[in-house]
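Just below is one structure, and these are the notes that go with it.
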Amino acid sequence: MQAMLKLDIKIRAAQAADLPALIGVDAIAQQDPARRRMLGEAIAAQSCWLAEAEEALGYGILDRSFFQQRFIPLLMVAETARGRGVASALMAEFERRCAGDKLFTSANESNLPMRRLLDKLGFRESGRIDNLDDGDPELVFMKRAARPAG
């Protein structure tokens, strides 16, 4: 098995023209008009960030939708780019943007890849919400974003 090469990932604010690329990396958005609307709204609110190399690799949304706290409601990586540092790059950008603040996110209990990423990045479980998805609780995670050195 050949090891996947890390990518030279750039993170930038998503623009309206990026919406088709965001949909292209998100299998749910490809099928769900509500998800596409949510992405458009996040872009308009300047809370959606695109990870790209030569093409769109993934995206994340950073807003204050969780009790006015910094919150990552969605992080999506193209299936072909998984395991190549895209999610970590997006999370590092969000942490940089939240320096000194608490940073929250959530994941279904069954979402083991996201839970492993959050553990690796120093997020700690902060709560549990039952009954959003039947039989699959939503776990809430928090990390204090580091202040820049200097």
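The values are calculated or read from the model by the stated rules, or taken from the named source; none is laboratory data. As the structure is a prediction and not an experimental result, all values here were calculated from the model. Ideal geometry is used to build each Cβ from the backbone, glycine not excepted, and the neighbour counts take in all protein chains shown. To get the accessible areas, we keep the full protein, side chains included, count just its heavy atoms, and leave off ligands, DNA and RNA. Shrake-Rupley method; radii C 1.70, N 1.55, O 1.52, S 1.80 Å.
Give the carbon-plus-sulfur fraction of the accessible surface of the chain in %, rounded to a whole number; probe 1.4 Å, heavy atoms of protein chains only.
Numbers: 4520 of 9000 Å².
Within the chain, the accessible surface is 50 percent carbon and sulfur.
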How big is the dipole moment of segment 1-140 about its Cα centre under a simple scheme where the beta carbon of each Lys and Arg is +1, that of each Asp and Glu is -1, and everything else is neutral? Debye, nearest 20, please. 460 debye
Accessible area expressed per residue, the chain, with surrounding protein chains retained (probe 1.4 Å, Å²): 60 Å²
Over the Cα atoms of segment 13-84, each weighted equally, I'd like the Debye log10 I(q)/I(0) at q = 0.18, 0.19, 0.20 Å⁻¹, rounded to two decimals. -0.65, -0.72, -0.79
Pop the C-beta distance of ARG97 and GLN31 into the FRET formula with R0 = 25 Å and round what comes out to the nearest 0.05. 0.25
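Determine the calculated [θ] at 222 nm for the chain from helices alone, applying -39500 (n - 2.57) to every DSSP H run no shorter than 4 residues and normalising by the residue count; nearest 500 deg cm²/dmol. Intermediate results must be reported in sequence, preceding the final value.
On the way: 5 runs with 45 residues, N = 150.
Calculated from helices alone, the mean residue ellipticity at 222 nm is -8500 deg cm²/dmol.
Within 10 Å, count the other beta carbons around each residue, average over each peptide in 19-31, 46-58, and list them highest first.
Details: 19-31: 16.2, 46-58: 19.5.
Listed from highest to lowest mean packing, they are 46-58, 19-31.
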Quote the convex hull volume per residue of segment 9-52, based on C-alpha atoms, as a whole number of Å³. 58 Å³
Could you work out how far the C-alpha centroid of segment 99-119 sits from that of segment 1-65, in angstrom? 18 Å
Between the residues LEU132, SER110, ALA99, the Cα farthest towards the positive end of the dipole of segment 60-136, that dipole coming from +1 and -1 charges on the beta-carbon of Lys, Arg, Asp and Glu, is from ALA99
